[in-house]
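In what follows, a single structure is set out as structure tokens and then discussed.
The values are calculated or read from the model by the stated rules, or taken from the named source; none is laboratory data. This is a predicted model, so every value here is computed, not measured. We place every Cβ from the backbone using ideal geometry, glycine too, and count neighbours over all the protein chains shown.
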Amino acid sequence: MDLDLSADQVALRDGIASMLAARIPIERVRAGFDRAMFDELAAAGVFSLRADGFSWADCVVVFEQLGRYCVPGPLVPSMLLGDGRIAGTAFWSRPVWIEHLDQLDVIVVTSGGKVHLVDPGAVEADRSPWPLDPCTPVARVADLPEGTPADVGRLHWDLAGATVTAAFQLGLADRLTELAVAYAKERVQFDRPIGGFQAIKHMLADMLTRTEVARAAVYSAGAVLDEESDPNTRHRLVYGAKVVAGDAAIANGKVATQVFGGMGFTWEVDVHLYLKRAWVLDTHFESSDRNAELVCATAGDPRIRGDS
């Protein structure tokens, strides 16, 4: 398995990064997701990657960059559905929390090994005035209509969704490392940059290490979806990548907040947006704890995974 980016993937990475830097700066991120942002991302091919012939490894490259720029919105389900609609994900549980409900064209509900599509207009919800992530509005739904069956396998949806979500989390971890390093070079205490202090050096080195370990895990997950036929191998690498990338994003967010000191807790510093997004994404496609259990289950009874 070759985890080095090909020349085409490097060009893809640089192209999407250039577009995001020009079109979706942090000021626009703070304003939140809207239809105009979706249309711009759709025009760039973000939501039609699979239909346009790109591999899952290519999707990982794109979503890593989306994470680096902390782009808001239901990006993963919209890409997985891939039919030009803004899609959100929900699970059959009570109550149901749905993100970006007011912007959705369709809600994708997974249950019992099947996928159903629900009209957002048929859902009654209470909007939360204080979402964890200010760029991710959420609504509480007491019940969901059954919807219509969709020709999308739940297992395929879950594995692919976990992989590209992990790629987004990798991007968060990577960008948090950059932000912390840049600040440590600029912030002066006792007539020297704080990056010169041994304690800060260790913190930054740990951030970089977590990021690179997550990158190896996530790139492996993307490659295994394209190349590997053994289900246990696919499950183990995908679930493992979600654990490693999620933990890296959250840990790097906490450490970056420490590096920024008192400023790290303020609204003006971008670090809190990345950390809050990392917390939110840790609940998508199972939590780190659940995915760790699923990694272990690849060596045991497949019913633990919920495949049967």
Test ALA223 against the stated conditions and say whether it is closer than 30 Å to VAL108 by Cα, under 16 Å from the mean Cα position of the chain (by Cα) and of a type in the set (A, V, I, L, M, F, W, C).
no
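Yes/no matrix, rows are residues, columns are (1) assigned by TED's automatic domain parsing to the domain that holds GLU64; (2) over 18 Å from ALA57 (Cα atoms); (3) out of contact with any Gly (no Cβ under 7 Å at 6 or more places or on another chain):
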residue	(1), (2), (3)
SER220	no, no, yes
GLU227	no, no, yes
VAL238	no, no, yes
ALA248	no, yes, yes
GLN258	no, yes, no
THR283	no, yes, yes
SER288	no, yes, no
Name the single residue, out of those in the range 54-70 being of a type outside the set (A, V, I, L, M, F, W, C) and in contact with a Lys or Arg (Cβ under 8 Å, 6 or more places away or on another chain), that is nearest to ALA221 (Cα to Cα).
GLU64
Could you tell me whether GLU293 is outside any helix (DSSP H, G or I), among the charged types (D, E, K, R) and not assigned by TED's automatic domain parsing to the domain that holds PRO131?
no
Scan the range 19-30 and give yes if some residue there is under 16 Å from the mean Cα position of the chain (by Cα) and not in a helix (DSSP H, G or I), otherwise no.
no
Inspect the range 175-196 for any residue being touching a residue at least 40 places away in the same chain (Cβ under 8 Å), outside any helix (DSSP H, G or I) and either within 26 Å of GLY82 (Cβ to Cβ) or in the same structural domain as HIS284 (by TED's automatic domain parsing) (or both) and give the result as yes or no.
yes
Given VAL244, VAL255, VAL213, which one is surrounded by 22 or more Cβ atoms within 10 Å (Cβ to Cβ) and within 21 Å of LEU294 (Cβ to Cβ)?
VAL244
Need the failing condition index for VAL123 against (1) of a type outside the set (Gly, Ala, Ser); (2) buried (at least 18 other Cβ atoms within 10 Å of the Cβ); (3) farther than 24 Å from ASP39 by Cβ; (4) more than 23 Å from the chain's Cα centre (by Cα), just the number.
(3)
